[in-house]
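Chemist: The structure follows.
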Amino acid sequence: MAGKTKIQGKVVINYLEKFPTVATRAIARKIYNENIELFTSYDAVRNAVKYYRGALGDKKREQVQRKGFQFQTPQPPVSYAEKREDFIMPKGVTRLGILSDIHLPYHDEAALIAAVNHLKDQKVNGLLLNGDTLDFHGVSFHEKDPRARRISEEIETWKQFIAWVKHELSCPIYFKIGNHEQRLVRYMQVKAPELLDLPNFNLSEILEFGKHGIIEIGSLQRIKAGKFTIYHGHEFKGSGGVYPARWLALKSRISSAVGHFHKESQFTWKNSDGTDYVCYSFGCLCDLSPDYLPENDWTQGCAVLHIDAKTGEYVMKQARIVNGKVYA
């Protein structure tokens, strides 16, 4: 009988060493089910587990320790949270052109051509597509127009756009994932989660970022360009209000800019220590009278952020576009 008890003890110890964090009831059930010929009952196994875990009082704990069994020291749980890193714009980019909310293929042709020509005239050496470059209407969970373009047609419009922009500007291109690009990711998560790990179903593969040398910036990443910060806008909760730049100032508390709201604005304030801060919101380059919101207060525009490579100081120069003409 003593020999069987000794074997039972070794079995329990082996399980506890292999599964130190599993709850007592769960590990006892596992031991009993997998060694039913060795133990008379589940309760006997649970008492043995409690004994070797020192849960039957100090004297029992001392007995177990004298037998050489080392108790597992309780540890804090491992966190699933991941630190989100900022995207740092390379120091070589000193004149950053910014196009926001183009919403291909529902773009305004005249406004888009005017914006790209303006950035070309400004000799930008980097281009930021600051979110919602594509619309992805076909995978929206909103009510859809049955006459809307198919996804394949949207992708084809993107291919035409990126070939043209690369030819016109000849500079590094940075693609910020906006909430409309997230539509495709969200659609796949809901409709086809089994395909998410296939490389051909990755957004960067579908849009051929590698082929075009495009640098992807994550949906929720902040963009740091010198001492200035750029967002798309969906990173914050809220609708932007009637004055998006002031709304951003209250949200971010740093000198920054945002797209997303399709409306150009600027807001400056000074802290008590004399430090100036300034926030901007960018105009869009999409159709100003879509069927889902024909009456609105949107404006069209683009911007160039000038950055001092040594100090990180910046100057933002916004340009408004009206009827296909740039007013800088």
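Chemist: Do we have Cys279 as surrounded by 10 or more Cβ atoms within 10 Å (Cβ to Cβ), in contact with a Leu (Cβ under 6 Å, 6 or more places away or on another chain) and of a type outside the set (A, V, I, L, M) here?
Modeler: Values: surrounded by 10 or more Cβ atoms within 10 Å (Cβ to Cβ): yes; in contact with a Leu (Cβ under 6 Å, 6 or more places away or on another chain): yes; of a type outside the set (A, V, I, L, M): yes.
Against the criterion (surrounded by 10 or more Cβ atoms within 10 Å (Cβ to Cβ), in contact with a Leu (Cβ under 6 Å, 6 or more places away or on another chain) and of a type outside the set (A, V, I, L, M)), Cys279 qualifies.
Chemist: Going through the range 166-189 one residue at a time, which ones are touching a Gly at 6+ places or on another chain (Cβ under 8 Å) and either hydroxyl-bearing (Ser, Thr, Tyr) or under 25 Å from Pro90 (Cα atoms) (or both)?
Modeler: We begin by selecting, within the range 166-189, every residue touching a Gly at 6+ places or on another chain (Cβ under 8 Å); these are 169, 171-174, 176-181.
Scanning the range 166-189 gives Leu169, Cys171, Pro172, Ile173, Tyr174, Lys176, Ile177, Gly178, Asn179, Glu181.
Chemist: Report, by residue number, each residue of the range 37-62 that is within 18 Å of Glu17 (Cβ to Cβ) and modelled with pLDDT under 75.
Modeler: Gly54, Ala55, Arg61
Chemist: Still on this structure, I have one more. From Ala163, Ala114, grab the single residue that is surrounded by 15 or more Cβ atoms within 10 Å (Cβ to Cβ), assigned to a helix (DSSP H, G or I) and at pLDDT 95 or above. So that I can check it myself, show each step before the final result.
Modeler: Working: Ala163 fails: surrounded by 15 or more Cβ atoms within 10 Å (Cβ to Cβ).
Being surrounded by 15 or more Cβ atoms within 10 Å (Cβ to Cβ), assigned to a helix (DSSP H, G or I) and at pLDDT 95 or above holds for just one of Ala163, Ala114, which is Ala114.
Chemist: Something else now. Return yes or no: is Gly240 in contact with a helix residue (DSSP H, G or I) (Cβ under 9 Å, 6 or more places away or on another chain) and assigned by TED's automatic domain parsing to the domain that holds Gln182? Break it down into steps so the answer makes sense when it comes.
Modeler: On the way: in contact with a helix residue (DSSP H, G or I) (Cβ under 9 Å, 6 or more places away or on another chain): yes; assigned by TED's automatic domain parsing to the domain that holds Gln182: yes.
The answer is yes for Gly240.
Chemist: Scan the range 241-263 and report the pairs whose first residue is over 14 Å from Lys224 (Cα atoms) and whose second residue is part of a helix (DSSP H, G or I), with Cβ atoms within less than 6 Å and a gap of 6+ or a chain change.
Modeler: Note: pairs meeting the criteria are Gly241/Trp247; Phe261/Pro244; Lys263/Pro244.
Chemist: Given the structure, is Ser152 of a type in the set (S, T, N, Q), more than 18 Å from Tyr106 (Cα to Cα), assigned by TED's automatic domain parsing to the domain that holds Glu205 and modelled with pLDDT of 80 or more? If you could, list the steps in order and put the result at the bottom.
Modeler: Numbers: of a type in the set (S, T, N, Q): yes; more than 18 Å from Tyr106 (Cα to Cα): no; assigned by TED's automatic domain parsing to the domain that holds Glu205: yes; modelled with pLDDT of 80 or more: yes.
Considered against the rule, which asks whether it is of a type in the set (S, T, N, Q), more than 18 Å from Tyr106 (Cα to Cα), assigned by TED's automatic domain parsing to the domain that holds Glu205 and modelled with pLDDT of 80 or more, Ser152 comes out as no.
Chemist: Condition first: within 20 Å of Ala114 (Cβ to Cβ), surrounded by fewer than 12 Cβ atoms within 10 Å (Cβ to Cβ), in contact (Cβ under 8 Å) with a residue 40 or more places away in the chain and not β-branched (Val, Ile, Thr). Can you find one or more residues in the range 315-328 that meet it? Step through it out loud before you land on a result.
Modeler: Residues of the range 315-328 that are within 20 Å of Ala114 (Cβ to Cβ), as a first pass: 316-328.
Narrowing the set further to residues that are surrounded by fewer than 12 Cβ atoms within 10 Å (Cβ to Cβ) leaves 323, 325, 327.
Within this subset, residues satisfying the condition of being in contact (Cβ under 8 Å) with a residue 40 or more places away in the chain are 323, 325.
Narrowing the set further to residues that are not β-branched (Val, Ile, Thr) leaves 323, 325.
There is at least one residue in the range 315-328 that is within 20 Å of Ala114 (Cβ to Cβ), surrounded by fewer than 12 Cβ atoms within 10 Å (Cβ to Cβ), in contact (Cβ under 8 Å) with a residue 40 or more places away in the chain and not β-branched (Val, Ile, Thr).
Chemist: Please determine whether any residue of the range 96-111 is closer than 28 Å to Ala225 by Cβ, touching a Lys or Arg at 6+ places or on another chain (Cβ under 8 Å) and at pLDDT 95 or above.
Modeler: no
Chemist: To continue, here is another question. Residues to consider are Ser219, Ser289, Ser265; find the one that is within 18 Å of Asp135 (Cβ to Cβ) and more than 21 Å from the chain's Cα centre (by Cα).
Modeler: Testing whether each residue is within 18 Å of Asp135 (Cβ to Cβ) and more than 21 Å from the chain's Cα centre (by Cα) leaves just Ser289.
Chemist: Of the residues Leu220, Leu248, which is surrounded by fewer than 13 Cβ atoms within 10 Å (Cβ to Cβ) and of a type in the set (A, V, I, L, M, F, W, C)? Working first, answer last.
Modeler: Details: Leu248 fails: surrounded by fewer than 13 Cβ atoms within 10 Å (Cβ to Cβ).
The match here is Leu220.
Chemist: Just checking, how many residues over the range 1-35 are under 16 Å from Asn47 (Cβ atoms) and not in a helix (DSSP H, G or I)?
Modeler: 2
Chemist: Among (1) free of Cβ contacts under 8 Å to residues at least 12 places away in the same chain; (2) buried (at least 18 other Cβ atoms within 10 Å of the Cβ), where does Lys211 come up short?
Modeler: (2)
The values are calculated or read from the model by the stated rules, or taken from the named source; none is laboratory data. Remember, it's a predicted structure, so these values are computed and weren't measured experimentally. Positions of Cβ are backbone-derived with ideal geometry, glycine not excepted, and every protein chain shown enters the neighbour counts.
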